[in-house]
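The values are calculated or read from the model by the stated rules, or taken from the named source; none is laboratory data. Just so it is clear, the structure is predicted and the values come from calculations on it, not from any experiment. Here the Cβ positions follow ideal geometry from the backbone for every residue, glycine too, while neighbour counts run over all protein chains shown.
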Amino acid sequence: MPFLASIGMLAVVLNHSDTEGFAVTCKRFFAVAVVVAVLVALGTVVASAAPLKEQGLTALIAAGFDEGEITAKVEKDGIAFEVSDELIQRLKQAGASDALLEVVKSAKQAGAVDSAPPLIAFDAIVGLLENGVDSDMIIARLQKSAATYTLSPAQEKQLRDAGATDALIAAMKAGAKETTTP
């Protein structure tokens with residue numbers, strides 16, 4: 001049905017003769033198209049039976065999906081990631097409410113957890129270095145991660161000031177060296 005409405009709107013757009021009216025009609029058409037796309041996407045997300053991955057949850061929050069729909073998805077299908085304090089902080093930064101965070105904390109972990117270790121944020125690496133964690137230990141963890149960092153000169157300086165070795169900076173730029181198989 002939305003497809004037919006879109007065709008009807010397109011027909012109206014094509015038959016417009018005045019430029020100002022045409023522009024208004026175009027804006028309405030695109031607004032309707034966006035709403036239809038969001039509704040289809042929401043229906044797909046809610047209808048899906050797969051457990052929600054961390055990236056999917058973050059994307060739903062960032063895209064402004066209704067918290068009730070996200071909560072229903074998490075409660076119905078579970079999650080495919082481990083809940084940690086670092087994860088909760090990332091979700092808060094993405095805009096998750098305290099209520100949604102509680103739902104995530106109590107959600108069932110469906111099936112196997114993602115095989116790749118979670119990525120380590122740049123700020124977390126700086127924090128580890130500032131708290132005395134050895135560069136070699138961080139390198140070992142980075143080699144199991146899918147992360148590759150593009151570092152600005154200011155970020156490299158920040159890492160060096162925190163105690164990073166040349167080997168750590170090179171490992172961050174090089175990305176994963178080991179592969180994990182599920």
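Things worth noting here:
- Selection within the range 118-152 - of a type in the set (D, E, K, R), under 20 Å from SER84 (Cα atoms) and outside any helix (DSSP H, G or I): LYS144
- Residue list for the range 85-129, restricted to those being modelled with pLDDT under 90 and on the phi > 0 side of the Ramachandran plot: GLY111
- Matching residues in the range 40-61 - criterion: being modelled with pLDDT of 85 or more and assigned to a helix (DSSP H, G or I): GLU54, GLN55, GLY56, LEU57, THR58, ALA59, LEU60, ILE61
- Scanning the range 161-171 for residues that are assigned to a helix (DSSP H, G or I) and either farther than 15 Å from GLY127 by Cβ or of a type in the set (A, V, I, L, M) (or both) yields ALA162, ASP166, ALA167, LEU168, ILE169, ALA170, ALA171.
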